[in-house]
1. Only residues that are within 11 Å of chain A (Cβ to nearest Cβ), more than 20 Å from B:PRO282 (Cβ to Cβ) and in a loop (DSSP other than H, G, I, E, B): list them for region B:1-52, please.
2. So A:LEU499 ticks every box in (1) within 14 Å of another protein chain (Cβ to nearest Cβ); (2) assigned to a helix (DSSP H, G or I) but one. Which box is left unticked?
3. Take B:LEU192 and decide whether it is among the hydrophobic types (A, V, I, L, M, F, W, C), closer than 30 Å to A:PRO244 by Cβ and in contact (Cβ under 8 Å) with a residue 12 or more places away in the chain.
4. On the given criteria, is B:LEU160 at pLDDT 90 or above and within 11 Å of chain A (Cβ to nearest Cβ)?
5. Looking only at region A:376-400, which residues are buried (at least 18 other Cβ atoms within 10 Å of the Cβ) and over 30 Å from A:ASN287 (Cβ atoms)?
6. Please note which helices (runs of 4 or more DSSP H) are completely contained in region B:86-193 and include at least 1 residues that are touching a strand residue (DSSP E or B) at 6+ places or on another chain (Cβ under 9 Å) and under 30 Å from B:VAL283 (Cβ atoms).
7. Cβ-Cβ below 7 Å, separation at least six or inter-chain, first residue in region A:233-257 and without any contact (Cβ under 8 Å) to a residue 40 or more places away in the chain and under 21 Å from B:LEU273 (Cβ atoms), second in a loop (DSSP other than H, G, I, E, B) and among the aliphatic types (A, V, I, L, M): which pairs?
8. With respect to A:ILE414, is the statement that it is closer than 20 Å to A:LEU311 by Cβ and surrounded by fewer than 17 Cβ atoms within 10 Å (Cβ to Cβ) true?
Amino acid sequence: MTDTTHFTISRRRTLMLMGAAGLTSAVPGLGGAALAQGAPSGQVIIGFSQEPTVFNPHMPHIEVDDGIHYAIYDPLVDVDPDGIFYPLLAAEVPTIENGGISEDGLEWRIKLRDDARWHDGTPFTAEDVKFTLDLLNDPDFRAWRRVGTELVRDIEIVSPTEIAWRLEQPYAPFLAILASTFIVPKHAFEGVDPNEAPFNNAPIGTGAFKLKNRVPGDHIELEANTHYFGDGPYLERAVIKYIPDMTVMYTQFKTGDIDMLALQWITPDHYEEARNLPDRVVEIAGNPYFESVQFNLERPQFKDAAVRQALYLALDKQSIIEALNYGVPPSTETFMPRESYYYNDSLPAHEFDIDKANALLDEAGWVRGADGVREKDGVRLAFRNSTTSGNELREQTQQFMQQTWKEIGVEMEISNLPPAVVWGDFWSMGQFDTMLVGLGVLAGPDPDCSDFFRSDASPALGGTGQNYWAYQNAEADDLLAQGASLFSPEERRPLYLRLQEVIREDLPFLPIYQYAVIPGRKAGLEGPHGNINNRIDTWNLRSWRWV
Amino acid sequence: MTRYLLSRFWQSLVLLLLVSVIGFLVLNLMPGGPLSQYTRTPGMTREMLDRIAEQMGLNRPLPVQYADWAWNLVQGDWGKSYRDGRPVLTIIGDHLFATLLLMGVSTFFAMIIGAWMGIRSAVRQGSLFDHSATVIAMVGFSVPTFWLGLIAIFIFSLWLGWLPAGNMYTVGDGSVRDIAVHLILPAATLALVSVATWSQYMRTATLDVISQDFVRTARAKGLTERRVLMKHIVGNAVVPMITLAGMQLPTLLGGALVTETVFTWPGMGRLFLDSLGYQDYPVIMGLLMFSAMLVLAGNLLADLAIAFIDPRIRLD
């Protein structure tokens, strides 16, 4: 599987770069104090199955666009795989101890670095942070997210390296929000409408990489920012290659045309083979998303808890995980990823028991009709299950479900739609019966998921939020409200453990498994590391290097 | 002639108008929309989506949106993509070269080889060559392009390691040689499938001509078989091929979706699929109009070419 052309280029290039590195390291001071490790060298070609097209991190975008944002921008702070915050553009992570956050969580004061510079050489200052926060609150700007930042008031620029503001109300997830709020330069938006600014296609960040070239529909070339304030970058160039077909991407990974396989990673059916490929490193990484069957709780069939419990008892999770997913993803009982500090590992375990399910439904008064389908008070236990069409794995899962549920007198009809349709009104306005989806209810490391579970967060019921299944539970509301207002993880933990218990009891959704993804890379590429607190593999691109 | 061209021009305009209206209607009737991909972004609420939709002008009544788009189009502004905000014409332009290269090279070889195969089969009707050529053509018709492409990659990239597994060029290179090497597999795959069509058409067309009286006359006059072939048969057989070639114009610039996906070739076909997936209305409408214009232009060129070659045909 040698690719002659590629090998020749990279060898010649590496020799050239080694020569250049030798020269620059011989001359002291060249390249700036930040480059203690020597000039960046080498390139990495990363395969993505979707194309990043949005370069302004505050406009509506999808996961894959974050791949670029992490490379060319920095937030004030970020989160490592263990959930620990570390500073980037901030000089230190603000905490109650160091006075960065007041006791009541309302007053924030952040010290910033003095050595960060934008890609065009302009120094980074507190003005840029203020500008970014103001931009998010500008009603005329098409912001992708205002949660958290809409609470910011009275931003004060104490000095070019210190900024302070007040929050309208205490909001614990705010630090996590800051961790995914990339700072954009004020001077790039002077006098232009931010929605149409040239910046949106010629981004300027403070990050370890600069956007060098974009070939639409094909790839994006990033080059090292040699004036980066932090540790890194070690690579001279990173290429994000767009390969829409998974089979094709995997093939190019095998032949070596790409160095790393990111979104959407290796499919479970190739795991065994991929693991044993010579010269490749293939690992399973956790992911904060979980696969589940979502109920539309407004449908009469699902208002009965017995029905939901019976359906869970009759769901053959083990087979779905083993047979369809090759045993790769771990089974789960909750929406919280197992890597999280707030994960509840003592939730009642799932049992696959058809008899028990049947008994439960009999007891609850669901009687089998002439056609074998149960009925009660004029409501038949029949419903549709929908997911995005074209996803074979899900289609097979649906068939599994259909089969086992038939044994307990439930008629499930498969009704799949294209993604653009599913994620429109169908999902957000509760037009579905049940859905088979992969969902992530956490935004980063913070356990706050109020948006998904609060009673008043259901659009179908007139609320604002993402509670698309119309879940309403007063205790859950309470726990969520408390959890979001406390700052200490030790204090918050019991609340979220209890929340998981409540939801496991109520079963507004049937949890199947937590996603595990299978990234692959060439042996010798160090740095890529799973991080469930970030949305994409390139969160630490600045630290990647060839050894 | 001018009158003919003018009348064709007006006809084309009416057709284009019709195409745009139908296309616009169908696009907007599809449930979902360009913002549906953002529904699952953490923190995205219904209100925010509605507000963004309003800012993008998606809440206006359809006729207003259409009129706006059409008026801009007529003035040369094809709109901007919903995904990256770049002008539609620029986006189309970006992908055009890649498609032109791939389709041009593969069509060229397919036509030459197909024509040769077709003529030879017709002239040696019933021979081993004829039968084998027909079988190859049947296989070529039936074989799905993606399967052929994947097999080609398997053999030549994975197994033998002779050719790259896809892409238009190696990042950092992009020299003519580099592109040529990357072009081999996808062009060959496409050509193989189209050769089938060309050879069969050519064969039928040639057989038609051979049975004509003037060929007998030419032979009777004592001309060599080769001269009969070159001067009389081929010239006449080529006429229906020109019509076919004209109809190829939209494909030439429209790209081959499947091949482009299998070989990661950044062409127009892929652009179309991507825009459809994201419901990027301006780009989809732009591509639709572009294809429609090409179809009309292709047909017109074919008609003019035939009239030029065959003096018996009159335009009007």
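1. Matches in region B:1-52: B:THR39, B:ARG40, B:THR41, B:PRO42, B:GLY43, B:MET44, B:THR45.
2. (1)
3. So B:LEU192 passes the test.
4. yes
5. A:LEU381
6. Those helices (runs of 4 or more DSSP H) span B:88-123.
7. A:TYR250/A:ILE266; A:THR251/B:ALA165
8. So A:ILE414 passes the test.
The values are calculated or read from the model by the stated rules, or taken from the named source; none is laboratory data. The structure presented is a predicted model; accordingly, all values stated were derived computationally and were not measured. Note: ideal-geometry Cβ built from the backbone for every residue, glycine included; neighbour counts use all protein chains shown.
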